[in-house]
Number of protein chains: 2
Amino acid sequence: MKNIYILGAAGSIGRQTLEVLKENQNAFHLIGISLGNSHQLNHEILNHFSVELVCLRDSSNLRDYENKYPNIKFVIGDSGLIRLAEYPKPGILVNALSGSAGLKPTVAAIRSGKDIALANKETLVMAGEIVNQLVKEYQVKLYPIDSEHSALWQVLNGEELSSVKKIVITASGGAFRNLSREALSQVTKKDALMHPNWQMGDKITIDSATMMNKGLEVIEAHHLFGLPYDQIETILHQESMVHGLIYFIDGTIKASLSISDMKIPIAYALFYPERRAYERHLELTNLSFKPMDFQRFPLLELAYQVGKKGGLLPTVMNAANEIAVKLFLTDQISFLEIENIVIQTVNKFKNIDHPSLDQIIETDDYIQEMIRKTYEKR
Amino acid sequence: MKNIYILGAAGSIGRQTLEVLKENQNAFHLIGISLGNSHQLNHEILNHFSVELVCLRDSSNLRDYENKYPNIKFVIGDSGLIRLAEYPKPGILVNALSGSAGLKPTVAAIRSGKDIALANKETLVMAGEIVNQLVKEYQVKLYPIDSEHSALWQVLNGEELSSVKKIVITASGGAFRNLSREALSQVTKKDALMHPNWQMGDKITIDSATMMNKGLEVIEAHHLFGLPYDQIETILHQESMVHGLIYFIDGTIKASLSISDMKIPIAYALFYPERRAYERHLELTNLSFKPMDFQRFPLLELAYQVGKKGGLLPTVMNAANEIAVKLFLTDQISFLEIENIVIQTVNKFKNIDHPSLDQIIETDDYIQEMIRKTYEKR
């Protein structure tokens, strides 16, 4: 039995991770989880899994939880996430938190010797170099859970990185893939949340529509696989069946395909190096591919520039995008303003090389706060 | 430097193997080759490569060759192929012979401790169990050169066979893929030799059009990968870009793609476990897949039945097909008669289990001779 921790257990990836655990009860022991704001969902989870430690968002209903689950230890908020990450039992920590909040708990978990199954892109986008250094220092494993990175990881099985010519991440194109840039000025939040292929959280669904998601994935892939940006490409593939391809130097391409079901990459990371049996399989039909259109998706081009420059810029880009998406989801800005905010924020920022973890976290806070204030004033 | 032997160096696969050697002169030392009937081609090869041993088809021009190449030892015919296979220097023997003639030299090479890079499907179709036993006994390696089997082998890199749900071999559909069975009664030899995607030898091009080729590949895959027939499927894929796919038990599919260029699988086998740099890469475009049509291609269905029954039946099917294709290529029978001859011959044959190598070779001779005589009489 492997010990499992889940940060963000009530979110989209978190719930699907819980499903994988339910389907494989004899393989895993769920030790600790962090929950969200829906008490109903929280109770459903706690009634099903007997965990040792639970992190709640805030202390408002702490007494109720403590009375109902006397055998569980409860911790609260950001400091609670750290205590969860540092809990002194070895295991795999699934980081399914959304946004920059995922970075600190990842670092804490690595320092306490846990392996990481990473769905939180921001961890590597903001602090890839530092996290890779810590992974090496504490000799833990870092497994990707993103479908694209899981696909690439699987294709790299048994292959040498020196034989890789380039890796290719596929992009469905998101909710607005059939709209021109002109048409984007009219789109609504409801439109943006209708992803054609995947059921995902709101943030990542918007990031799919702006292609920022693919930009974050490119930076994540750079840190995960140790490849320079000119060996990382993206391609439009509207069926979302092929998740990643690797071109080898000898002319061979290997690809990984599956249905759009996050339980597949989640289970792959948790069971690694084994594969668990799962009944949902892809029916192979026609697959289409189109070159990426950087004019149509300027945030993806920005991500390449930002990734190459490094330093604090990926944090700045991510922070600006994170708050801009929040503003869009609360109807405070239009869809195209997301792009404007991210691009202008990055362009104005004076970068520094090799920032510390504290500088990264402070910059993230600072950028998000600054943009929030600017747009609240309006 | 790896020592290389090539059986069938003047054939399609043989010449492409020689090109790989030319492009990588410092990696390989060509020791011995067997040549064909074109003296011009033979001299071109011998002028370029300084080999130690050459097998000629017959002795008619032996003196000329011996005078022109005093440093080369010449051997002749079938016995010469065996002497080549047994030549006492270790190395990889590329078996690019066409047809059942490939079996005996493969066995001789294994017994003399050579690794085998196998383009000759018949070796495994006729004697898969015996050859696998010998490979184990003499602790040599057996690498596939067929594009489909190379693709599957590459996809299996770093994976466990126990995680495989099924393997899928792609089929372009051959020269007549757009014709109904009715239209097949009208086709000519010239039509049949026009393969839409691959430049190959005549025999395999006809086998593509009848789908016998895919049947032989299914049986070959069974022996190469040790999978039962119900875990081996075929799929129509007219672009010939994806050569093989593996469905894993967890819902993941991994595929291997490349342009239609046999130098890629040849180089993969010769350089294994490394990959050599090669400049020809696939431009990813749309890929289409259709379920295999067994009514349309009865020889493929026959191959599954024959493979499952085993014994001498695969040899009988292969022998009947081999002579039938020869009769078609010499304008003695029509295209659809190939199928009839193969099906009737298999249906009439009384099978035995676990035949010896001698029984296999005798049966191959007997079936080919019997059919040849029957159709010569007409």
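The values are calculated or read from the model by the stated rules, or taken from the named source; none is laboratory data. All figures in this text were calculated on a predicted structure; none of them were measured in a lab. Positions of Cβ are generated from backbone atoms using ideal geometry, with glycine treated the same way; all protein chains shown enter the neighbour counts. The accessibility values were calculated without ligands, DNA or RNA, using every heavy atom of the protein model including side chains. Shrake-Rupley method; radii C 1.70, N 1.55, O 1.52, S 1.80 Å.
Computed quantities for the displayed model
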quantity: Members of region A:167-178 found to be surrounded by 16 or more Cβ atoms within 10 Å (Cβ to Cβ) and either out of contact with any strand residue (DSSP E or B) (no Cβ under 6 Å at 6 or more places or on another chain) or without any contact (Cβ under 8 Å) to a residue 40 or more places away in the chain (or both), listed by number; calculated: A:SER172, A:GLY174, A:ALA175, A:PHE176, A:ARG177
quantity: Output for region B:137-193, where each listed residue is out of contact with any Lys or Arg (no Cβ under 8 Å at 6 or more places or on another chain), at pLDDT below 95 and charged (D, E, K, R); calculated: B:ARG177, B:GLU182, B:LYS189, B:LYS190, B:ASP191
quantity: Residue among A:GLY80, A:GLY91, A:GLY128 that alone is open to solvent by less than 30 Å² (accessible area, probe 1.4 Å), closer than 20 Å to A:THR315 by Cα and touching a residue at least 40 places away in the same chain (Cβ under 8 Å); calculated: A:GLY128
quantity: Sole exception among (1) more than 14 Å from chain B (Cβ to nearest Cβ); (2) under 26 Å from A:ILE343 (Cα atoms) for A:PHE225, by number; calculated: (2)
quantity: Residues that are of a type in the set (Val, Ile, Thr), assigned to a strand (DSSP E or B) and open to solvent by less than 10 Å² (accessible area, probe 1.4 Å), drawn from region A:219-269; calculated: A:ILE232, A:VAL242, A:ILE246, A:ILE253
quantity: Members of region A:59-89 found to be over 23 Å from the mean Cα position of the chain (by Cα) and part of a loop (DSSP other than H, G, I, E, B), listed by number; calculated: A:SER59, A:SER60, A:ASN61, A:TYR69, A:PRO70, A:ASN71, A:ILE72, A:PRO88, A:LYS89
quantity: Residue that is nearest to A:MET1 (Cα to Cα), among those in region A:246-271 that are in contact with a strand residue (DSSP E or B) (Cβ under 6 Å, 6 or more places away or on another chain) and more than 7 Å from every other protein chain (Cβ to nearest Cβ); calculated: A:ALA269
quantity: Residue selected from region B:142-164 under the condition touching a residue at least 12 places away in the same chain (Cβ under 8 Å) and part of a loop (DSSP other than H, G, I, E, B), by the criterion most open to solvent (accessible area, probe 1.4 Å); calculated: B:GLU159
quantity: Checklist (1) open to solvent by 10 Å² or more (accessible area, probe 1.4 Å); (2) closer than 23 Å to B:TYR304 by Cβ applied to B:ILE206, failing item; calculated: (1)
quantity: Qualifying positions in region A:278-308 - open to solvent by 20 Å² or more (accessible area, probe 1.4 Å) and more than 14 Å from every other protein chain (Cβ to nearest Cβ); calculated: A:ASP293, A:PHE294, A:GLN295, A:ARG296, A:PRO298, A:GLU301, A:TYR304, A:GLN305, A:LYS308
quantity: Filter result (more than 19 Å from B:ALA183 (Cα to Cα) and open to solvent by 10 Å² or more (accessible area, probe 1.4 Å)) within region B:330-345; calculated: B:THR330, B:GLN332, B:ILE343, B:GLN344, B:THR345
quantity: Test set (1) within 14 Å of chain A (Cβ to nearest Cβ); (2) touching a His at 6+ places or on another chain (Cβ under 7 Å) - B:GLY174 fails condition number; calculated: (1)
quantity: Criterion (touching a residue at least 60 places away in the same chain (Cβ under 8 Å) and in a helix (DSSP H, G or I)) met by exactly one of B:LEU184, B:LEU97; calculated: B:LEU184
